[in-house]
Amino acid sequence: MMIHPWDAADDDEAVEFVRANQFGQLIAAGRDRDVPVVVPTQFLLADDRTILLHLARPNPIWPAVAENPAVLLSVAGDWSYVPGAWKVLPGEGDPRLGVPTTYYAAVQLVCHAEVVTDAEGKLDILRAQLAALEPEGAPADPAEHARRLPGILGLRLTVRKIAGKFKYGGNVDEAHRRYVADRLAERGGPGDAAARRHLLRRLGG
């Protein structure tokens with residue numbers, strides 16, 4: 001992922017985004033494959049360096065992980081299209097000549113994958129995920145579905161490297177960014193509020 005200095009995130013900012021968006025693309029390159037295996041999946045960020053998830057046993061990712069336990073978890077979101085006209089301040093020039101762009105956040109985590117095959121280990125992962133996702137007291141303990149456990153495998157990912165990109169106009173001055181923030185608030189389309197929050201947060205308010 002190309003990251004310009006003005007878009008770069010430190011590890012804390014990147015991890016906080018992942019914590020708020022615990023769904024992504026798990027990518028396993030394997031060895032000598034034409035293309036990697038890419039699996040969209042829910043996951044749990046158990047701590048800043050540990051990710052837990054489970055997948056069905058027939059999932060095509062398992063052979064690739066067995067070949068090479070180095071995997072990539074990619075999380076992206078909070079994107080919003082910025083029309084070219086928004087990049088030109090009133091009275092500054094011809095709005096038709098503004099250069100459009102897309103704002104977005106993206107974090108890529110290089111991880112070491114450990115496959116969890118034992119029943120108790122899989123139950124621990126399921127309990128942790130349910131505790132984070134389900135309303136208090138809603139689900140039965142996963143052990144109640146013990147007969148289904150052979151149909152899944154768990155994954156414990158240890159984060160080795162974090163790359164975060166927050167592309168929210170950091171290459172232009174404050175006046176231009178605040179102008180775009182106002183336009184995002186006016187439009188109020190999908191993703192606009194989240195993009196605006198990132199833009200203003202990175203401006204310092």
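The values are calculated or read from the model by the stated rules, or taken from the named source; none is laboratory data. What you are looking at is a predicted structure, and each value in this text was computed from that prediction instead of being measured. Note that each Cβ is placed from the backbone with ideal geometry, even for glycine, and that neighbours are counted across all protein chains shown. Accessible surface is based on the protein model in full, side chains and every heavy atom, while ligands, DNA and RNA are left aside. Shrake-Rupley method; radii C 1.70, N 1.55, O 1.52, S 1.80 Å.
Things to note:
- Arg197 vs. criteria under 17 Å from Ala105 (Cβ atoms) and surrounded by fewer than 19 Cβ atoms within 10 Å (Cβ to Cβ): yes
- Any hit, segment 88-104, residues being under 30 Å from Arg148 (Cα atoms), in contact (Cβ under 8 Å) with a residue 60 or more places away in the chain and part of a strand (DSSP E or B): no
- Residues in segment 16-41 that are surrounded by 14 or more Cβ atoms within 10 Å (Cβ to Cβ), closer than 22 Å to Glu134 by Cα and aliphatic (A, V, I, L, M): Val18 alone.
- Filtered residues of segment 115-135 (kept if under 21 Å from Phe23 (Cα atoms), of a type in the set (D, E, K, R) and not in a helix (DSSP H, G or I)): Glu134
- Some residue of segment 46-53 being more than 13 Å from Ile162 (Cα to Cα), without any contact (Cβ under 8 Å) to a residue 40 or more places away in the chain, open to solvent by 20 Å² or more (accessible area, probe 1.4 Å) and in a strand (DSSP E or B): yes
- Considering Ile3, Ile51, the condition of being within 27 Å of Val116 (Cα to Cα), in contact with a strand residue (DSSP E or B) (Cβ under 6 Å, 6 or more places away or on another chain) and of a type in the set (Val, Ile, Thr) is satisfied by Ile51 alone.
- Selection within segment 89-114: residues that are open to solvent by less than 50 Å² (accessible area, probe 1.4 Å) and among the aliphatic types (A, V, I, L, M). The member of this set that is farthest from Arg160 (Cα to Cα) is Leu89.
- Contacts under 6 angstrom Cβ, first residue in segment 159-185 being closer than 30 Å to Cys111 by Cβ, partner buried (at least 16 other Cβ atoms within 10 Å of the Cβ) and of a type in the set (Phe, Trp, Tyr), 6 or more apart: Lys167/Tyr103; Lys167/Tyr104; Tyr168/Tyr103
- For beta carbons closer than 6 Å, sequence separation of 6+ or different chains, a first residue in segment 16-40 that is within 13 Å of Leu55 (Cβ to Cβ) and a second that is part of a helix (DSSP H, G or I), the qualifying pairs are Ala28/Ile61; Ala28/Ala64; Ala28/Val65; Val37/Ile61; Val37/Ala64; Val39/Ile61.
- Within segment 141-188, the set of residues being modelled with pLDDT of 95 or more, open to solvent by 20 Å² or more (accessible area, probe 1.4 Å) and in a loop (DSSP other than H, G, I, E, B) comprises Gly170, Asn171, Val172, Asp173, Gly188.
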